[in-house]
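First comes the structure, then the notes that go with it.
The values are calculated or read from the model by the stated rules, or taken from the named source; none is laboratory data. What you see is a predicted model; the values in this text were computed from it and never measured. Note that we place each Cβ from the backbone using ideal geometry, even for glycine, and neighbour counts take in every protein chain shown. Ligands, DNA and RNA are stripped out before the accessible areas are found, and what is left, the full protein with its side chains, is counted by its heavy atoms. Shrake-Rupley method; radii C 1.70, N 1.55, O 1.52, S 1.80 Å.
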Amino acid sequence: MDAQFWDERYRSREQMFSGEPNEVLVTEITGLPPGQALDVGCGEGGDALWLARQGWRVTAVDISEVALRRAARAAEAAGLAEGMAWARADLTVTRPPANAFDLVSVHYLPLPRRADHSGLRGLLDAVAPGGTLLFTGHDLADLPPRAEGDLDPHAFYQPAEIAGLLGEGWTVLVDETRPRNRPAPPGTHHTHDTVLRAQRLP
């Protein structure tokens, strides 16, 4: 699932997602004092734009140039472009700045599991002291049986696993599976989300 894969997937539809923010983001982040946010795998920008409307200064990153262009256009049309930064990067390879973000927000990102946890450690290290990590995944119980050639969902980090890797220096505030209140995207069967919200100690 490289940049070409995601560019082709976005090109296959005029709009891939609804443009609305993820409900977990709204539930967990509403009321937090705004600061610097890193939106990992931002897609067409629904989460990034919502964060900007709440007063966050957002750095939005995606591997797909097609998705980023759509997101930047949406921000421009909404009058939110100022204070937002868009970057094409694979954060499993290029580490974000350490201790730089009051919020690192990751939703449904297929983050490959590695023996040294290097890609994951880069995201964790990006959270500033006192900042928040929000990591959301699909409940694997919702997935249909794997067909030959399908990706193994267990090859990617799940929120509960990340909670177990945080160790000292973090407080886990939420580590749970919860039902979705919105319909799943067309063609999917996701009825539950797995949610991790953790705070890095000051």
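Take the chain, connect every pair of alpha-carbon atoms lying under 10 Å apart with a spring to form a Gaussian network, then pick out the residue of GLY164, GLY119, GLY19 with the largest mean-square fluctuation.
GLY164
Leaving ligands, DNA and RNA out of it, report the carbon-plus-sulfur percent of the accessible area of segment 1-105 at a 1.4 Å probe.
Numbers: 2480 of 5280 Å².
Using a 1.4 Å probe with all protein chains present, segment 1-105 comes out at 47 percent carbon and sulfur.
Sorted by accessible area with a 1.4 angstrom probe, largest first, how do ILE63, ILE162 fall?
Values: ILE63 35, ILE162 0 Å².
If we order ILE63, ILE162 from most to least accessible, we get ILE63, ILE162.
Quote the accessible area belonging to VAL174 in square angstrom, nearest 10, computed with a 1.4 Å probe and with ligands, DNA and RNA left uncounted.
20 Å²
Not counting the cut sites, what is the longest span of the chain without trypsin sites (Lys or Arg not before Pro) that DSSP labels loop and that have at most 15 other Cβ atoms within 10 Å? Before the final figure, lay out each step's value.
On the way: sites that count: ARG13, ARG113, ARG114, ARG146.
Result, exposed sites excluded: 14-112.
What residues qualify as long-range amide H neighbours of ARG113, i.e. H under 5 Å apart, gap of 5 or more or another chain, H built at 1.01 Å from N?
Residues meeting the amide H criterion: PHE156, TYR157.
Please identify, among GLN36, GLN54, GLN15, the residue showing maximal mean-square fluctuation in a Gaussian network model of the chain using a 10 angstrom Cα cutoff.
GLN15
Could you please put PHE156, PHE135 in sequence from largest to smallest accessible area, using a 1.4 Å probe?
Solvent-accessible surface, decreasing: PHE156, PHE135.
Enumerate the amide H contacts of LEU173 below 5 Å, restricted to partners 5 or more residues apart or on another chain; note that Pro and chain-start residues carry no placed amide H.
Residues meeting the criterion, in which the H sits 1.01 Å from N, are ARG197, ALA198, GLN199.
So which chymotrypsin sites (Phe, Trp or Tyr not before Pro) in segment 1-35 pass both tests, a DSSP loop state and at most 16 other Cβ atoms within 10 Å of the Cβ?
Of the chymotrypsin sites (Phe, Trp or Tyr not before Pro), the ones in loops of segment 1-35 whose Cβ has at most 16 other Cβ atoms within 10 Å are PHE17.
Report relative contact order for segment 1-108 in percent, whole number only (criteria: Cα-Cα under 8 Å, sequence separation at least 6).
31 percent
Excluding ligands, DNA and RNA, what is the solvent-accessible area per residue of segment 1-50 at a probe of 1.4 Å, expressed in Å²?
Result: 51 Å² per residue.
GluC sites (Glu not before Pro) within segment 69-154: which are DSSP loop residues with at most 13 other Cβ atoms inside 10 Å?
Sites meeting the loop and neighbour criteria: GLU82, GLU148.
Which listed residue (ILE63, ALA74, VAL40) has the Cα farthest towards the positive end of the charge dipole for segment 29-94, taking +1 on Lys and Arg C-beta and -1 on Asp and Glu C-beta about the Cα centre?
ALA74
Counting only the heavy atoms of the protein chains, how much of GLU20 is accessible to a 1.4 Å probe, in Å² to the nearest 10?
Here the residue's solvent-accessible area equals roughly 120 Å².
Could you identify which residue out of VAL93, VAL127, VAL26 has the top mean-square fluctuation in a GNM of the chain using Cα springs shorter than 10 Å?
Highest fluctuation among the options: VAL93.
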